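Read-outs throughout are calculated quantities, based only on the coordinates presented, and are distinct from any laboratory measurement. In this text, all values refer to a predicted model and were calculated from it rather than measured experimentally. Because the Cβ atoms are built from the backbone with ideal geometry, glycine has one as well, and the counts that use them run over all protein chains shown.
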Amino acid sequence: MAEYWLISAPGDKTMQQTWETMNNVTSKQNNLCVNYKFHIPDLKVGTLDQLVGLSDDLGKLDGYVESITRKVATYLGEVLEDQRDKLQENLLANNTDLPSYITRFQWDMAKYPIKQSLRNIADIISKQVGQIDADLKTKSAAYNNLKGNLQNLEKKQTGSLLTRNLADLVKKEHFILDSEYLTTLLVIVPKANVNDWTANYEKITDMIVPRSSQLITQDADYALFNVTLFKKVVEEFKLHAREKKFVVRDFTYNEEELAAGKSEITKLVTDKKKQFGPLVRWLKVNFSETFCAWIHVKALRVFVESVLRYGLPVNFQAILIHPNKKSVKRLRDVLNQLYSHLDGSASAPSNNADNVDIPGLGFGQSEYYPYVHYKLNIDMVESKIN
C-alpha cells in the first residue's frame with residue numbers, strides 16, 4: 001500500500017509517552033499499521049496571523065510540488081520507453097527508495113535553514129520547484145521534438161506502400177534518367193489488380209514504352225511497379241491510372257537527396273542517444289529534489305497545523321503511519337477514539353470523514369479529524385498527475 005498518513009498528536013508529559021500511547025493501541029495491540037517517528041526540527045513559529053495565512057499557502061504549495069514531482073516521474077517513464085519497467089528503481093529520493101526516505105525522514109538543514117522564517121523556507125521550496133518545472137518544460141520540448149521528427153521519418157520507412165518512403169526500395173536501374181522526352185513513374189497497384197496492371201498498363205494512354213514495367217517489391221496489400229512513358233502524357237496517365245485504382249506516387253530519383261534522407265535518420269538516432277543519458281540523469285536528480293521538497297512541505301504543514309491546533313509552547317509528536325490495507329477503517333476509528341478529547345465535534349466517527357469540509361477548521365484541509373492529519377501517496381508509477 002503506497003498510502004501513508006502523516007499525523008501529529010499533542011505531547012503528553014514526554015514526547016516518548018505520546019509516541020508509545022499511539023503506537024501501542026494501533027500497532028502493537030491491534031496490528032493496524034506500522035508507525036514511524038517523523039522528525040521535525042524546532043522551526044521558527046512567528047505570529048498567529050502569519051501561521052493562519054501560511055497554512056492556506058502551504059496547502060497550495062503542497063499540491064503544486066506534488067504535481068511537479070509526479071510530472072517529472074511520468075516524463076521519466078516516457079523517456080525510458082521500452083525500459084519503463086525500470087522506472088520504479090530509478091525513482092529515488094536522496095539515493096534511497098521512497099518508503100525508506102519518508103520513514104527515516106531527516107530535515108535538510110543545508111537547503112532549508114531552520115533559522116529562516118517558515119515563509120522564507122516555503123519561498124525557497126517554491127522557487128526551487130518552479131525552476132525545475134521551467135527547466136522540465138524546456139528539456140521535454142526539445143527532446144520530444146527530436147523524438148517526433150525521428151518517429152515521423154521512421155514511419156516513412158515502414159507501413160503501407162501507399163504512404164511509406166520508397167527511397168530504400170528502389171534502385172538507379174529502375175529509372176530512365178536524364179532523358180529529354182522520357183520519364184519513369186512509380187505506381188502502387190492493389191494486389192487484387194496486379195494481373196490487370198500487367199496485362200493492360202501499356203494501354204492506359206498512348207506513348208507508354210512497351211514492356212517497361214517491372215515489379216519492384218510488394219507488401220501484404222500492394223505491389224510497387226515502375227513504368228516508363230513520354231513526359232508529355234504523364235498527367236493523362238495519372239488520371240486514367242487513378243480510374244483503374246492504380247496510384248502514382250510522386251517520386252524523383254535523386255541520389256544526393258536519398259543519401260541526405262538516410263543521413264538525417266542516422267543523425268537523429270545519434271542525437272537521441274546522446275540526449276537520452278543526460279536527460280535521464282537530470283530527471284532522476286530532479287525527481288529526488290522535488291520529492292524531498294514535497295516531504296519538507298508536508299513537514300511544514302504538520303508543524304504549522306499542530307501549532308494552530310494545539311497552541312504554544314510547541315509540543316507535539318509527528319508520526320508517520322503506514323496503514324494495513326485491510327484495516328484502514330478500524331485504524332481510523334481507533335485514532336478517532338484515542339484523540340476524540342481534542343475536539344468534541346469530531347469525537348463521533350463519521351462515514352464521510354474523508355469528505356467533510358468544516359469551515360474554520362483544518363485550515364484548508366479537505367479532510368478533518370480531531371488530530372492533525374495529511375495523506376501521503378508515494379505511488380509515482382501508476383498515480384495520475386493532479
Separation between the THR14 and LYS329 pseudo-spin-labels, each 7 Å from Cα along Cα→Cβ, expressed in nm? 3.9 nm
Taking amide H positions as placed in the peptide plane 1.01 Å from N, state which residues far from ASP12 in sequence (5 or more) or on other chains have amide H under 5 Å from it. THR18
What does the extension gain come out to for GLU202 and ARG119, with contour length at 0.36 nm per residue minus their alpha carbon separation? 21.5 nm
Hey, what number do you get for the chain at 222 nm if only DSSP H runs of n ≥ 4 count, each worth -39500 (n - 2.57), divided across all residues, to the nearest 500? -15500 deg cm²/dmol
So if each residue of separation counts as 0.36 nm, and I subtract the Cα-Cα distance between ARG242 and GLU257, what length gain in nm does that give? 2.6 nm
How much length is gained if the chain between ASN31 and ASP343 is pulled fully straight, taking 0.36 nm per residue apart and subtracting their Cα-Cα distance, in nm to one decimal? 109.7 nm
For the chain the mean separation of alpha carbon contacts under 8 Å (6+ apart) over residue count, i.e. relative contact order in percent, is 36 percent
Estimated dipole of the chain in Debye, rounded to 20 [Cβ of Lys and Arg +1, of Asp and Glu -1, Cα centre]: 520 debye
Hey, can you grab everything whose amide H is under 5 Å from the amide H of ILE176? Only 5+ residues off in sequence or another chain; H modelled, so Pro and N-termini drop out. THR184
With the charge dipole of segment 1-106 built from beta-carbon charges (+1 for Lys and Arg, -1 for Asp and Glu) about the Cα centre, the Cα from TYR75, ALA2, PHE38 projecting farthest to the positive end belongs to PHE38
Per GNM of the chain with C-alpha springs under 10 angstrom, the most fluctuating residue out of PHE287, PHE225, PHE303 is PHE225
Given a Förster distance of 45 Å, report the FRET efficiency between THR158 and ASN95 from their Cβ-Cβ distance, rounded to the nearest 0.05. 0.60
Treating only the Cβ of Lys, Arg, Asp and Glu as charged (+1, +1, -1, -1), what charge dipole size does segment 142-242 show about its Cα centre? Round to the nearest 20 debye. 260 debye
What FRET efficiency do you get for GLN214 and ASN145 if R0 is 51 Å and r is their Cβ-Cβ distance, rounded to the nearest 0.05? 0.80
Report, in whole Å, the centroid distance computed from the Cα atoms of segment 1-80 and segment 108-138. 18 Å
Of SER27, TYR339, PHE287, which is farthest along the charge dipole of the chain in the positive direction, counting Lys and Arg as +1 and Asp and Glu as -1 at C-beta? SER27
Which whole-Hz ³J(HN,Hα) couplings does segment 304-313 yield from phi under the Karplus relation 6.51 cos²θ - 1.76 cosθ + 1.60, θ = phi - 60°, glycine and proline marked x? 4, 5, 5, 5, 5, 7, 9, x, 9, x
If I take R0 = 30 Å and measure r between the Cβ atoms of VAL381 and ASP56 in this structure, what FRET efficiency does the formula 1/(1 + (r/R0)^6) give, to the nearest 0.05? 0.45
Using Cα-Cα distances under 8 Å and only pairs 6 or more residues apart, what relative contact order does segment 79-238 have, in percent? 16 percent
Starting with the highest mean, order 265-276, 160-171 by the number of other Cβ atoms within 10 Å, averaged over the residues of each peptide. 160-171, 265-276
Shape call for segment 1-113, from the Cα gyration tensor axes a ≥ b ≥ c (a/c under 1.5 means rounded, otherwise prolate when a/b beats b/c, else oblate), comes out oblate
Of the candidates VAL304, VAL25, VAL194, which one comes out as most mobile in a Gaussian network treatment of the chain with C-alpha springs shorter than 10 Å? VAL194
From the list (i) 21.5; (ii) 24.8; (iii) 26.3, can you say which value of Kirkwood radius over Cα pairs in Å was derived from the structure given? (iii)
Please list 3J(HN,Hα) in residue order for segment 327-342, calculated via the Karplus relation 6.51 cos²θ - 1.76 cosθ + 1.60 where θ = phi - 60°; whole Hz, with x for glycine and proline. 10, 4, 5, 5, 4, 4, 5, 4, 5, 4, 5, 5, 10, 4, 5, 6
